[in-house]
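Let me begin by presenting the structure, written as structure tokens, before commenting on it.
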Amino acid sequence: MCGRRYLGFVLLVWFQGVLHVQTSDQPCSAPKLNNGYLIPEELAYNHESKLTYSCDKGRKPAVEGWWATSTCHNGKWSPEPQCIDEKACLPPTIPNGIYTVNTNGWYEERDIIRITCDKGYKHKNRVATAECITGTWSSVPVCEKSIHACGEPPQVPHAVIIFQGFQDFFAPDTGLQYECEDGYTIEGADTKKTIYCLSGNWTQGPVCSRVTRPGPGPVGPALGGTGGGHPPSTGSATQPAGGGTDRGHGGSGGHATSAGSGTQPEWRVNICGNPPVVPNGDVVGYGQRYLRYECSSFYKLDGPEKVVCYSDGTWSNVPYCRVNFCSVDTDGHPHLKSAGVHYMKYGEEVRLPCVQDPSWWTDHYSLVKCIYGRTVVYDCCTRFALKSDCC
């Protein structure tokens with residue numbers, strides 16, 4: 001009895017698998033096209049095959065052009081071949097504006113649409129409607145930037161903007177909140193402050209100041225008396241890595257000498273022990289009392305460039321290397337050609353190649369920007385397209 005149940009279960013799973021295979025990649029029957037003709041004209045078409053169609057006199061395809069294509073996808077045609085009156089209008093493209101889309105996908109003659117501009121934009125010459133007349137739209141509205149809108153918000157050192165989404169323009173009265181980075185605060189306020197777009201300008205942003213601890217005081221005179229208190233001149237663990245050109249009285253190879261004329265300070269940077277570690281940064285130079293740091297590529301130094309070794313054996317405040325780049329994983333964007341992860345510095349923009357559609361007559365690219373530390377990926381356009389057409 002158990003064996004029969006097990007066999008029945010196996011057959012059920014197998015049947016479902018066969019059914020799944022049979023229902024995927026289905027061919028398409030020839031579409032029913034009134035007032036038009038198909039090329040090639042067949043009884044059935046394989047999955048992912050394409051056909052071309054055109055329409056009789058007085059009719060036109062429900063897409064741009066007098067010839068149109070449609071693709072078979074799992075038993076259905078996309079887009080559905082259709083011939084409409086040549087006096088009908090196709091949906092217009094209104095940059096920075098929206099309107100009610102007809103469920104038919106097209107509009108009859110004398111149909112009127114009303115365009116609503118996006119926030120931060122207004123109707124040029126107060127034209128907000130368009131009428132379909134003999135297959136074309138009359139007086140298509142244009143949404144232009146409002147003179148009271150604001151552009152990109154100001155960049156504030158040591159602060160980031162807290163908001164979702166990205167845009168080139170911001171509507172009047174828009175508020176954006178800044179927050180100081182860790183280790184910084186706004187004087188006389190919290191760690192956050194909001195700026196507003198007023199009459200085309202942003203109100204004043206915050207000033208983020210570093211939170212500092214009391215230092216050990218200024219560098220004093222030489223330690224000990226004459227002949228005593230000199231630090232050892234050897235020991236690789238106490239010497240900074242690399243040489244650099246800013247070496248003070250050090251010798252070649254980046255090692256400080258133990259000899260002195262008696263008028264020089266009698267301590268070296270090695271009196272403070274190992275150089276402070278700055279993630280994503282390196283010591284690129286030093287003098288008798290300080291180390292000089294630089295950050296790796298795609299990072300920006302935040303804080304003092306030089307770190308001083310005080311006479312009591314302690315280091316002054318240490319900088320840190322702040323992230324100064326964005327990244328985009330092309331494999332995470334289906335419209336981009338797979339090329340791994342691409343890195344960009346703050347404020348940089350690049351064009352990445354798109355996956356080519358067979359209907360495109362030229363290469364397409366996607367504009368990618370690094371804004372406020374975030375990556376913005378726009379739609380695909382040709383290299384000849386206007387900026388407003390793509391982003």
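Looking at the structure I just gave you, is Val101 surrounded by 14 or more Cβ atoms within 10 Å (Cβ to Cβ), at negative phi, in contact with a Pro (Cβ under 9 Å, 6 or more places away or on another chain) and assigned to a loop (DSSP other than H, G, I, E, B)? Considered against the rule, which asks whether it is surrounded by 14 or more Cβ atoms within 10 Å (Cβ to Cβ), at negative phi, in contact with a Pro (Cβ under 9 Å, 6 or more places away or on another chain) and assigned to a loop (DSSP other than H, G, I, E, B), Val101 comes out as no. Within the option set Gly244, Gly229, being modelled with pLDDT under 85, among the small types (Gly, Ala, Ser), within 41 Å of the chain's Cα centre (by Cα) and assigned to a loop (DSSP other than H, G, I, E, B) holds for one residue only, Gly244.
Of the candidates Glu305, Glu266, the single residue that is among the charged types (D, E, K, R) and modelled with pLDDT of 80 or more is Glu305.
Going through (1) at positive phi; (2) crowded, with 16+ Cβ neighbours inside 10 Å; (3) modelled with pLDDT under 50 one by one, Gly253 falls short only on (2). Residues in the stretch 314-336 that are free of Cβ contacts under 8 Å to residues at least 40 places away in the same chain and loosely packed, with under 15 Cβ neighbours inside 10 Å: 4 in all. Candidates Ser78, Ser54: the one that is of a type in the set (Gly, Ala, Ser) and surrounded by fewer than 12 Cβ atoms within 10 Å (Cβ to Cβ) is Ser78. If you go through the stretch 115-143 and keep only what is at pLDDT 90 or above, crowded, with 16+ Cβ neighbours inside 10 Å and either in contact with a helix residue (DSSP H, G or I) (Cβ under 8 Å, 6 or more places away or on another chain) or in a loop (DSSP other than H, G, I, E, B) (or both), you end up with Ile115, Ala128, Pro141, Val142, Cys143.
Restricting attention to the stretch 159-218, the residues being part of a loop (DSSP other than H, G, I, E, B), modelled with pLDDT of 75 or more and more than 30 Å from Val318 (Cβ to Cβ) number 9.
Here is the figure for the stretch 270-297: residues that are in a loop (DSSP other than H, G, I, E, B), within 38 Å of the chain's Cα centre (by Cα) and not hydrophobic (A, V, I, L, M, F, W, C) total 6.
The values are calculated or read from the model by the stated rules, or taken from the named source; none is laboratory data. Here the structure is a predicted model, which is why all the values come from computation and not from measurement. No Cβ is skipped: glycine too gets one built from the backbone with ideal geometry, and neighbour counts run over all protein chains shown.
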